Amino acid sequence: MVIGCVIAAIAMQVSAPDAQPTHTSVIVAPTPPPPPKIFDVLHTIESGETLGVILQNLGLSAHAIRDAALPVYDLAKIRSGRTLTFKVREGDTSPHAVHYPLDEDNTVVVVLANDAWTASLDTTIYEVAEAIREFSVESTLWGAATKAGLRAGDIVSIASVFEFDVDFNTELRAGAKVKMVVEELYLDGKFAKLGHPLAVRLQNRDDAFVAIRHQLKNGDVGYFDADGVARKKAFLRSPLTFSRVTSGFNPKRFHPVLKKRRPHNGTDFGASRGTPIRATGAGKIVMAGRNGGHGNFVKIDHAGPYASSYSHMNRIKVKRGQRVKQGQVIGTVGSTGMSTGPHLHYQFWKNGRYVNPMTIDLPRTQKLEKAERPTFEANRDTWLDFMNGVTPVVAMSEDE
């Protein structure tokens, strides 16, 4: 109703007609009236609100608008916290356009014209340039990257590139260095944000990792080492994106609840209750429910000789027999079962035996085919040279 009142107030802002001229001796072509002013009416979506209720308050047909938008996006899936923008012409009593942001660069636009609603996706187009960003990690990746001007999304992008090789919660050492060639995105000549990392080098003590971004001929995008082997592996190193290890794999650990020596055949990650837990690899759920001291428990059977399990969960979001993808959220961190506080106990098996999930050599899954290599190698050489201080040479045609 608040939105309706705002629009009603806008509709009243119509000026009186101009007075008629008193002399007509000179014929002057009439000046076309200025286009009507357009006002923005903003509505932040609250938890539990539906598209139907919001549009009904404006006298709009949710059915017509949703049907028009379906080829672009299903507006029935609007999310709380986002803001709908309604465009209203001066003098009108209802909106003629609805804008819904999918993310910071893409907005669904539904417009009424000739008594019919049509939809399109409005995408921000940036000017792109390549640049170097580098920083040293003294405490955490997050802190060092933030000081270097990276946003949260940029940090997650870097972590996701190497999350199959390095657990940033436990294995990143003070003094680790990150250097990358990254897209800089400009809007109207002004720097807006960073885009995709194109090439990233991570030096973590004696371990060095290189990742090159490559778009495959089928449109898929991945990161590969300098030899064209995918950085992606069959398993993530950690089931939590950012957390801390509170207890490592230790067959002789002193149990804090039982007060005696008892094997700790997994890794404990401390995290707040409700933190999403990811399946570290694709597979089939073979257990999902209560399991004694493990509390709420999920076990996944993976391809080959591997299995993984997740204990003390607050909520379980999968069922026995269900197939899950790598990275899929299977539940949330809790403190069920024999637990002293919210954490995740993560176990990993190979050939039916417990192994340390933080140190086991995980198998790779993909290597570039021959047809992909010329483009990959050309980009690799250009970006690594740029990273090493060699200015890229732009090829000139004979006519230039």
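The values are calculated or read from the model by the stated rules, or taken from the named source; none is laboratory data. Treat the numbers as computed from the prediction; the structure is a model and nothing was measured. Here the Cβ positions follow ideal geometry from the backbone for every residue, glycine too, while neighbour counts run over all protein chains shown. Accessible surface is based on the protein model in full, side chains and every heavy atom, while ligands, DNA and RNA are left aside. Shrake-Rupley method; radii C 1.70, N 1.55, O 1.52, S 1.80 Å.
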When only Cα pairs under 8 Å and 6 or more residues apart are kept, what is the percent relative contact order across the chain?
10
Would you mind working out the accessible area per residue for the chain, using a 1.4 Å probe, and quoting it in Å²?
57
Under the rule of -39500 (n - 2.57) per DSSP H run of 4 or more residues, summed and divided by the residues of the chain, what mean residue ellipticity at 222 nm is obtained, to the nearest 500 deg cm²/dmol?
-4000 deg cm²/dmol
Total charge of the residues flanking Ser80 in space, meaning their Cβ is under 15 Å from its Cβ, with Lys and Arg +1 and Asp and Glu -1, is +1
Partner aspartates and glutamates whose C-alpha sits under 19 Å from that of Lys325, ignoring same-chain residues fewer than 8 away, are Glu163, Asp165, Asp220, Asp301
Rounded percent of accessible protein surface that carbon and sulfur make up, the chain, 1.4 Å probe
51
For Gly334, the net charge from surrounding residues (Cβ-Cβ under 11 Å; K, R +1; D, E -1) works out to +2
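Write down the Å³ per residue value for the convex hull defined by the alpha carbon atoms of the chain. Numbers along the way, then the final one.
Working: hull volume 96.8 nm³, N = 400.
Measuring per residue, one finds 242 Å³ for the Cα hull of the chain.
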The rounded separation in angstrom of the Cα centers of the stretch 52-112 and the stretch 117-147 is 28
Positive-pole candidate from His43, Thr31, Gly81, dipole of the chain, charges at beta carbon:
Gly81
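Taking R0 as 60 Å, what FRET efficiency do you get between Ser139 and Asp115 from their Cβ-Cβ distance, rounded to the nearest 0.05? Kindly include the intermediate steps, with their values, before the conclusion.
Numbers: r = 61 Å, r/R0 = 1.02.
So, using R0 = 60 Å, E works out to roughly 0.50.
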In the P(r) worked out for the stretch 112-209, what percent of Cα pairs fall beyond 19 Å?
49
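Between beta-carbons, use under 9 Å as the cut-off and find the net charge around Val200, counting Lys and Arg +1, Asp and Glu -1.
On the way: positive: Lys179, Arg201, Arg213; negative: none.
That sum, taken over residues with Cβ under 9 Å, equals +3.
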Identify the residues of the stretch 185-210 with backbone N under 13 Å of a label point that sits 7 angstrom from the Cα of Ala129 along the Cα-to-Cβ direction, or state none.
185-193
Treating cross-link reach as a plain straight distance, find the aspartates and glutamates whose alpha-carbon is under 17 Å from the alpha-carbon of Lys299, omitting any fewer than eight places away in the same chain.
Asp268
Among the lysines, which have Cα under 29 Å from the Cα of Lys190 when same-chain residues fewer than 8 positions away are ignored?
Lys37, Lys87, Lys147, Lys177, Lys179
